[in-house]
Each structure stands twice: as C-alpha cells, then as structure tokens.
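One structure is given here, and the rest of the page talks about it.
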Amino acid sequence: DREKEGGAMINIALPKGRLGEQVYTLLEKAGCPCPSIREENRRLVFENEEAGVRYFWVKPSDVGIYVERAAADIGVAGRDILLEYQPEVYELADLGVGRCRMCVAGRKGVRERPRQTLRVATKFPNIASRYYSALSRDIEIIKLHGSIELAPLLGLSDVIVDIVETGKTLLENGLELRETVVPISARLIANKVSYKFKHEEISRLCREVSALCRGEEEA
C-alpha cells in the first residue's frame, strides 16, 4: 500500500527526453506511479496524491537548479551536469542509466603541440578547465552550444571536450578519441533541506530505485 496518509508529498524533477522516461519507469516500479505522465499531452506537471508524488519535466541542465533551490525535493541529473555546475545538493545514488563518457577528441593524425596553448571547444568549460589544470596544461576555452565536432574540422579549436556515447559521430567527422575525462551516468539527487524533513520518504524511494537498478544490471 503506497498511500501516504498524512505523509509528505515528494516533488520530483525529471529531465526531458529519453533519460527522463527511463527514470520514470524505474520510479513507477519503485511504487511512485503517476499514470497521467504517460498520456499524450504537453503538460509539464503531473500529480498522484494517492502515491504522494508530483513530477515535472525540466530541461536536463536545469534539474540541479530546481533541486538546489527546493522547487523539487529530488531529481535526476547526469553526472556531467553535476560536475559542470556543482549545485549544492546531496547525490544519493548512481542509477546506472544514461551511461556515456566525457572525452577529449581531435582530428585524426593531428598531434598536439605541448608548448602551445591548447584551444579547447566544449559545452562544459568548468569540467574541461579542471581536467587540463590537473595536467598543468595551458588552454584556451571556446564555449560552444552545439555541433562541437565542427570546431576542429574548421580550425576553430585543436580538440573538443564533449560527451561520447558510441563514438560514431566522431568517426564520421574524421575525429578520434584521445582521452576519457570522466565516466557519466544518471544520478539521483536531493535538496539538502528536503532530505532532512522528508528523510523517510526520500530514503525509501532511494533504496527501492537502487535495488531495481542493481537487479537490472545483474539481469
């Protein structure tokens, strides 16, 4: 019985797109269904009072903001978003979905010149800066918002730092992987105040979702 008589309503921020749909399926199995979320509509907020949950769709890069500022009690964000923006939230669990890598890539056969400032095109300037700082490498960050692969092809940058799933797009554009910066997957995060005042509900949900994730990995 999932009815939370007198219990706290949990507000959950889900990233729009395939990842959010995958995560919702996990949460549904964990006892937090909201049938209206699967209906064909353009709504952004969905509520199931009986299950004690309210979901809303947000842009993936905004999930951390909604959770940090308590508009959501919990949410799901890629590790890339958490590393780039470093929101003040608790990271509760690695959900094991949305797996990919943050990588360095460049044109095939073109080697870096160590003594020259490296031009790095990326959507993730903070991650790239920290990575190269740890290597004591002088870089110039070129912040782009899309078609990152184009930058080295047109001479705008020497390399790119971007998310790679299969590497197919890189190969088709004459690029090759150089290094893996960090592995990426979806993380369950919580607002720090909500975690204190809705601890029982959030902890239960975290345990059940984590168990489901482990079961799927073992299967």
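Observations on the model:
- Only Lys, Arg, Asp and Glu carry charge here, each on its Cβ (+1 for the first two, -1 for the last two); on that basis region 98-212 has a dipole of about 280 debye about its Cα centre.
- Packing-based order for 189-195, 104-110, using average beta carbon neighbours within 10 Å, highest first: 189-195, 104-110
- Mean Cβ neighbour count within 10 Å, used as a protection proxy, ranking 153-159, 57-63, 35-41 highest first: 57-63, 153-159, 35-41
- The residues of the chain have, on average, 55 Å² of accessible surface per residue, using a 1.4 Å probe with all protein chains present.
- Couplings for region 56-69, taken from phi via the Karplus curve 6.51 cos²θ - 1.76 cosθ + 1.60 with θ = phi - 60°, read 8, 8, 9, 4, x, 6, 9, 4, x, 5, 4, 6, 4, 8 Hz in order; Gly and Pro are left as x.
- When you work out D = kT/(6 pi eta Rh) for region 49-202 at 25 °C and 0.890 mPa s, using the Kirkwood radius from C-alpha pairs as Rh and the Stokes-Einstein form, the result is 144 µm²/s.
- Global form of region 58-126, assessed from the alpha-carbon gyration tensor, a/c cut-off 1.5: prolate
- What the Cα atoms of region 167-219 give is an Rg and a Dmax of 18.3, 52 Å.
- Remark: the chain carries a charge dipole of roughly 900 debye about the Cα centre, counting +1 on each Lys and Arg Cβ and -1 on each Asp and Glu Cβ.
- The angle between the Cα long axis of helix 125-134 and the main principal axis of the chain comes to about 60°, on a 0 to 90 degree scale.
- Cβ-based charge dipole, the chain, positive-most Cα from M102, I184, A51: M102
- Positive-end extreme of charge dipole, the chain - chosen from I163, A70, T117 (charges on Cβ): T117
- Extending 7 Å from the Cα toward the beta-carbon at both A71 and T25 defines two label points whose distance is 2.8 nm.
The values are calculated or read from the model by the stated rules, or taken from the named source; none is laboratory data. Please read these numbers as outputs of a predicted model, since none were measured by experiment. Ideal geometry is used to build each Cβ from the backbone, glycine not excepted, and the neighbour counts take in all protein chains shown. Heavy atoms of the whole protein, side chains included, go into the accessibility calculation; ligands, DNA and RNA do not. Shrake-Rupley method; radii C 1.70, N 1.55, O 1.52, S 1.80 Å.
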